[in-house]
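Below you'll find the structure, written out as structure tokens, and then a few comments.
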Amino acid sequence: MAIVPQISPKEAKKLLDDGKIIIIDVREPHEIEFSNIPGTIPIPLSQFNAKIDEVLAYRDHTVAILCRSGARSARVTHFLKNQGFSQVYNIKGGILQWSDEVDPSVKKYYSQGTRLIEIQ
């Protein structure tokens with residue numbers, strides 16, 4: 001996979017607060033329920049193909065993609081670049097780095113199957 005454009009959580013948060021970016025959260029519903037960032041748009045990776053028209057509606061906007069660690073969001077960012085998104089970014093480090101750099105009240109976690117375990 002080609003190198004995908006990255007944005008830091010701090011920069012993404014500033015742009016979100018200024019209304020200059022759309023953040024799409026590709027984590028699964030149980031992950032979003034466990035640890036959520038207000039103002040993001042949930043489009044789980046497992047539902048991505050079914051919701052592709054909703055995603056493509058953001059093609060002319062600045063978009064950042066978020067997941068837990070940055071791996072799933074990097075794949076989605078690469079896909080969207082290939083779909084003609086000119087300003088799409090992977091949020092570096094995902095929600096884990098967001099919690100460290102932006103808002104420590106956002107829970108960090110790891111998965112054991114569908115079970116989520118909080119990282120202290």
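The values are calculated or read from the model by the stated rules, or taken from the named source; none is laboratory data. None of these values were measured; they are calculated from a predicted model. Every residue, glycine as well, gets a Cβ built from its backbone with ideal geometry; the counts of neighbours run over all protein chains shown.
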Selected residue [hydroxyl-bearing (Ser, Thr, Tyr), surrounded by fewer than 19 Cβ atoms within 10 Å (Cβ to Cβ) and under 14 Å from the mean Cα position of the chain (by Cα)] from 105, 69: 69
Scan of segment 40-60 for residues that are surrounded by 13 or more Cβ atoms within 10 Å (Cβ to Cβ) and either under 15 Å from the mean Cα position of the chain (by Cα) or more than 16 Å from residue 88 (Cα to Cα) (or both), ordered by number: 40, 41, 42, 43, 44, 45, 47, 48, 51, 55, 58
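A quick yes/no check of all residues on (1) among the hydrophobic types (A, V, I, L, M, F, W, C); (2) without any contact (Cβ under 8 Å) to a residue 12 or more places away in the chain; (3) in contact with a Lys or Arg (Cβ under 9 Å, 6 or more places away or on another chain); (4) outside any strand (DSSP E or B):
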{"position": "14", "(1), (2), (3), (4)": "no, yes, yes, yes"}
{"position": "19", "(1), (2), (3), (4)": "no, yes, no, yes"}
{"position": "37", "(1), (2), (3), (4)": "yes, no, yes, yes"}
{"position": "46", "(1), (2), (3), (4)": "no, no, no, yes"}
{"position": "50", "(1), (2), (3), (4)": "yes, yes, no, yes"}
{"position": "54", "(1), (2), (3), (4)": "no, yes, no, yes"}
{"position": "60", "(1), (2), (3), (4)": "no, yes, no, yes"}
{"position": "65", "(1), (2), (3), (4)": "yes, no, yes, no"}
{"position": "72", "(1), (2), (3), (4)": "no, no, yes, yes"}
Residues of segment 37-51 satisfying the condition of being touching a Leu at 6+ places or on another chain (Cβ under 8 Å), farther than 10 Å from residue 24 by Cβ and not small (Gly, Ala, Ser): 37
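Among the candidates 52, 23, 43, which residue alone is over 27 Å from residue 117 (Cα atoms) and β-branched (Val, Ile, Thr)?
On the way: 23 fails: over 27 Å from residue 117 (Cα atoms); 43 fails: over 27 Å from residue 117 (Cα atoms).
So the residue among 52, 23, 43 that is over 27 Å from residue 117 (Cα atoms) and β-branched (Val, Ile, Thr) is 52.
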Matching option when the condition is outside any loop (DSSP other than H, G, I, E, B) and in contact (Cβ under 8 Å) with a residue 60 or more places away in the chain, among 32, 23: 23
Segment 80-102: number of residues that are farther than 22 Å from residue 20 by Cα and under 14 Å from the mean Cα position of the chain (by Cα): 1
Scan of segment 88-112 for residues that are farther than 11 Å from residue 65 by Cα and part of a strand (DSSP E or B), ordered by number: 108, 109, 110, 111, 112
Lone unmet requirement of (1) at pLDDT 95 or above; (2) farther than 15 Å from residue 41 by Cα for residue 111: (1)
